[in-house]
Amino acid sequence: MTDLPPKARSATLSKGLEILSFLGSQGDPVSLRTVMAGLGMTKPTAHRLLATLVDHGMVRFDSGANTYCLGMRIFELSRQVWRDLDLRSAAMGEMQKLHTETGETILLAILTPDGGVYIDELQSRHHLREQPRVGQRVPLWRSAIGKALISGLGYSERTRLLNDDAAAIRQSPVYRDVRELTWQLDLVNARGYAIEIEEDMPGISGVAAPIVDHRGITVAAIGLSGATSRLDRDALHRLGPSVIEATRLASLQAGGVPRPVSTARRPADLPTRVFNLISQADNLIGEGPVISRDRRYLYWVDICRPCVFRHDLTSGQTSKFRQKDMVTAIADTGEGLLLASLSGIRVMDIETGQTLKDLGHPEADIPTNRFNDGKLDSHGRFWIGSLAFNLSAGAGALYRVDPDGTHCRMETGLTLPNGLGWAPDTRTMYLIDTSDRVLFAYDFDAATGRIANRRDLIRFARDVPGNPDGLEVDPDGNLLVAMWDGWCIRKYSPDGGFLEAIPVPFPRPTSCVFLPAPQPRLLVTSARIRIATDLLEHCPHAGSVVEIPMG
């Protein structure tokens, strides 16, 4: 279509569209005076245009309150667009399953150029119900379904939407600024679902997940909401996988390409092994097990919840400490617990949650990256890998953070840096890149903290089940590699020779830590995120921490 010169365009139509956009941006019906003030129109012009839009069903007029809001015709037209994609029919079957399972309100919303709109709904079976929301605009950052819609957007587009609402975000009781909300959306994108606790409406909480198109880009979302008295934080996290499964199947029905889920069955040649349950934590991604310096506690994190866990190895009691942003690695410094998170690296008092020392953020200028696994070396220096949220090849790096906060980039061109460790004599450092299925070895100078002479120690063959994740080095220098989707810890000699596969009772072990006394044993963390529901039924300990007797 050839662009018309400005004089040939319809000024009246343009003003009418401005009114529709203005009404769509308002949370509630507005008066004629509000329209006049918001758009700088005279009373006759605003009244004439509104009357015309009412006649065509684009705007609805409430004669009792003398207010205007978008009419059903707008919604009908938007439904016609999406009917062509058959989105509603693709989603409805999964929405009905969720409704039958929970009895809560189930919502379907689509992403529009300037936000989102509710297009379908199944009302709660409970006595107290929410007001119908079909046709209403979605609160993008105050609701779970809104956060699910925008979490997967490109960084620049998402930032634009949030900056438009920056003042309101700063005034909310949940987020101090756009940066904190961005961290939350990064967390949503990582785990696959969003939650809200009374952020949009008092007494109402919810959970939601995105529906994606053939490019894997979010186009819609399914949400579940209900009374907070039934849906507290733990309940919402329990329902998260069910909502993800509903949106995954809806995406497939609509021709989309959602993230894959694990269907990795236990290898037939892998025997069972005795284990003891340490904590039935149901972690989405339990990671980074660390033994405290006094050998009393086991610490680990759930990256996607996010929480820090502390297990008393004597009493058997487990405590958890919720975190505001995604925490991916921890270490015991002797002064406090060191945390690597989206907001940077800090030392925290585990009892009070107060930050004792801020060690900065080596990648503060790369908001599209996050940290992953990390460990302390023998001189108290923290080594931490980074990766891109979208796992862009070569976008990650390896950093060394000294106790005073000085940091240095030690390696570049990594994709998914993971397990770290050192040989008992500290002359060799190890690093796993999961994406490349390789375990690197470096010459290591403990005095200076320098690495050199990188070489491939282990290349995991494609027929080896699972992907290498976390790493532990035992007192004999053997390498213990947790195999994500491999149902085991693979043990290698210091020269890279395969020794044995140590079975675990879940498909996704993430890391492990070796305890030599009083009896040798291996403590193993695991994940339950994106495991097929039928497989999850057969591995109830997925997401837990277990102890494997050794020797």
query: How long is the gain from I291 to R455 if the chain were fully straight, where each residue apart is worth 0.36 nm and the alpha carbon distance is subtracted?
result: 56.1 nm
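For segment 367-432, which whole-number percentage of the solvent-accessible area (1.4 Å probe, protein heavy atoms only) is attributable to carbon and sulfur atoms?
In segment 367-432, the share of accessible area belonging to carbon and sulfur is 49 percent.
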query: If you take the alpha carbon radius of gyration of segment 463-551 and divide it by 2.2 N^0.38 Å, what ratio comes out, to two decimals?
result: 1.07
message: Checking a compactness column here: for the chain, what do you get for Rg(Cα) / (2.2 N^0.38 Å), N being the number of residues?
response: 1.10
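So how do 503-510, 95-102 stack up, highest first, on mean other-Cβ count within 10 Å?
Values: 503-510: 25.5, 95-102: 16.9.
The most tightly packed comes first, giving 503-510, 95-102.
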query: Accessible area of H214, 1.4 Å probe, to the nearest 10 Å²?
result: 130
message: Helix-only mean residue ellipticity at 222 nm, the chain, DSSP H runs n ≥ 4 weighted -39,500 (n - 2.57), per residue, nearest 500. What is it?
response: -7000 deg cm²/dmol
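Just the number please: accessible area per residue for the chain, 1.4 Å probe, all protein chains included, in Å².
On the way: 24890 Å² over 551 residues.
Spelled out: the 1.4 Å probe surface of the chain, per residue, equals 45 Å².
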message: At 7 Å along Cα-to-Cβ for each site, give me the label-to-label distance between A166 and L356 in nm.
response: 3.6
query: Which lysines does K147 reach when only Cα atoms under 21 Å apart count, and residues fewer than 8 places away in its own chain are ignored?
result: K324
message: Please report the net charge: other residues with Cβ closer than 12 Å to the Cβ of E547, K and R +1, D and E -1.
response: +2
field: Label point distance in nm, D425-A388, each placed 7 Å from Cα along Cα→Cβ
entry: 4.0
field: Between helix 11-25 and the chain: long-axis angle, C-alpha atoms, 0 to 90°, nearest 10
entry: 50
query: Per residue, what volume in Å³ does the Cα convex hull of segment 413-527 take up?
result: 107
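Taking all protein chains together and a probe of 1.4 Å, list E500, E198 from the most accessible to the least accessible.
Numbers: E500 65, E198 90 Å².
The most accessible residue leads, giving E198, E500.
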Around L108: net Lys/Arg minus Asp/Glu count, Cβ-Cβ under 9 Å: -1
- line: Lys and Arg at +1, Asp and Glu at -1: neighbours of G449 with Cβ under 12 Å from its Cβ sum to 0
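I'm a student and want to see the number: the projected area of the Cα convex hull of segment 152-196, averaged over all directions, in nm². Could the numbers behind the result be given before it?
Details: hull surface 12.2 nm².
Mean projected area of the Cα convex hull: 3.1 nm².
At a 1.4 Å probe, what is the % contribution of carbon and sulfur to the accessible area of segment 183-314? Mind showing how you got there, number by number?
Details: 2700 of 5280 Å².
C and S atoms contribute 51 percent here.
For the ranges 150-162, 483-495, what's the packing order if you count other beta-carbon atoms within 10 Å of each residue, average per peptide, and put the highest first?
Working: 150-162: 16.4, 483-495: 19.6.
Listed from highest to lowest mean packing, they are 483-495, 150-162.
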field: Residues in segment 178-218 reached by a label modelled at K97 [backbone nitrogen below 16 Å; 7 Å Cα→Cβ]
entry: 209-212
statement: With every protein chain in place, the accessible area of D55 for a 1.4 Å probe, in Å² rounded to the nearest 10, comes to 130
task: Only residues of segment 496-522 count here: report those whose backbone N is under 19 Å from the spot 7 Å along Cα→Cβ of N276, or say none.
output: 503-506, 512-522
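Determine, for each peptide in 349-357, 471-479, the mean count of other beta carbons within 10 angstrom over its residues, then list the peptides with the highest first. Please report the intermediate quantities before stating the final value.
Details: 349-357: 12.9, 471-479: 17.8.
Descending packing order for the listed peptides: 471-479, 349-357.
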query: Under the definition of Cα pairs under 8 Å and six or more residues apart, what whole-number percent is the relative contact order of the chain?
result: 9
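Assign one of three labels to segment 273-336, namely rounded, prolate or oblate, based on the Cα gyration tensor with a ≥ b ≥ c the square roots of its eigenvalues; rounded applies when a/c is under 1.5, prolate when it is not and a/b is larger than b/c, and oblate otherwise. If you can, show how the numbers build up before the last one.
Values: a/c = 1.80, a/b = 1.11, b/c = 1.63.
Oblate, because a/c is 1.5 or more while a/b does not exceed b/c.
Compute the FRET efficiency between V174 and A37 as 1/(1 + (r/R0)^6), taking r as their Cβ-Cβ distance and R0 = 22 Å, and round to the nearest 0.05. Before the final figure, lay out each step's value.
Numbers: r = 30 Å, r/R0 = 1.35.
The computed FRET efficiency comes out at 0.15.
The values are calculated or read from the model by the stated rules, or taken from the named source; none is laboratory data. Owing to the predicted nature of the structure, the values given are computational and were not obtained by experimental measurement. Cβ coordinates were reconstructed from backbone atoms using ideal geometry, including for glycine residues, and neighbour counts include every protein chain displayed. The area values use the complete protein model at the heavy-atom level, side chains included, leaving out ligands, DNA and RNA. Shrake-Rupley method; radii C 1.70, N 1.55, O 1.52, S 1.80 Å.
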